[in-house]
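The values are calculated or read from the model by the stated rules, or taken from the named source; none is laboratory data. Since we're looking at a predicted model, the values are computed, not measured. With ideal geometry, Cβ positions are generated from the backbone for all residues, glycine too; neighbour counts draw on all protein chains shown.
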Amino acid sequence: MSHLTTHSTLNRVYENPVFGDKAVFLKTFEETNGDSTLLEITLAPGGGNAMHFHLDFSETFRPITGALLVRIGHERKLLQPGEVCTVPVKTPHCFQNPSKETIVFQVELQPGHPGFENSLKIAYGLAKDGLTNQKSLPKKFSHLALLATMSGTFPVGIFSLLMPLLQWKAKRARKQGVEQKLIDTYCR
């Protein structure tokens, strides 16, 4: 395992070389006594995520440079710098960079979520270490299962059918110490 990157707790900047995205932790769960997690995301052209929802936290999006497309259910909002959009708990949503330029936005989770923070650090660390595919999905199914469950993020649509399998695999991986090994490698 000597090829893996070691990250320290002082590291606040995480980059995903597969997509060219960057996440900067401005405030963490620990620093806010659980009140929030605040990230600044640099999102490559065409970047974004698939429809999903969170059971434990809302997300507030604030573009800093460029326009951010936020889809909430069937509604689409093209947010400009200075505008704010909050997605309530349990609400299907996604975000995208519809432009040909890199954009920067902040996203605040309320309350904060240490599992989400760790999943992002691990996902970007795996990508940096070449342990993901060209879509930045972990090559090991156990890693994917752990990231999906620790992040508090649930897919919608056809992919939601995979959650019971992912939860089962994540439970097994935790018992085998895989989650702790990922946390020790990428989150310390």
The residue from Thr32, Thr37, Thr60 that alone is among the β-branched types (Val, Ile, Thr), at negative phi, in contact (Cβ under 8 Å) with a residue 60 or more places away in the chain and surrounded by fewer than 20 Cβ atoms within 10 Å (Cβ to Cβ) is Thr32
Log entry, pairs with first residue in region 104-130 being farther than 13 Å from Lys27 by Cβ, second being in a helix (DSSP H, G or I) and among the polar types (S, T, N, Q), beta carbons closer than 9 Å, six or more apart or on different chains, reads Gly115/Thr149; Ser119/Thr149; Ile122/Thr185; Gly125/Thr185; Asp129/Thr185
Across (1) closer than 30 Å to Leu68 by Cβ; (2) touching a Ser or Thr at 6+ places or on another chain (Cβ under 7 Å), Val178 clears everything bar (1)
If we keep only residues of region 125-155 that are surrounded by fewer than 16 Cβ atoms within 10 Å (Cβ to Cβ) and of a type in the set (Gly, Ala, Ser), then the residue nearest to Asp56 (Cα to Cα) is Ser136
The lone condition Ile122 fails out of (1) crowded, with 21+ Cβ neighbours inside 10 Å; (2) within 22 Å of Arg62 (Cα to Cα) is (2)
Any residue at all in region 34-41 that is modelled with pLDDT of 95 or more, over 19 Å from Met150 (Cα atoms), outside any strand (DSSP E or B) and of a type outside the set (A, V, I, L, M)?
no
If we ask which residues in region 156-187 are exposed (fewer than 13 other Cβ atoms within 10 Å of the Cβ) and in contact with a Lys or Arg (Cβ under 6 Å, 6 or more places away or on another chain), their number turns out to be 0
Flagged pairs (Cβ under 7 angstrom, 6 or more apart or on separate chains; first in region 73-92, surrounded by fewer than 11 Cβ atoms within 10 Å (Cβ to Cβ); second assigned to a strand (DSSP E or B)) are Gln80/Pro63
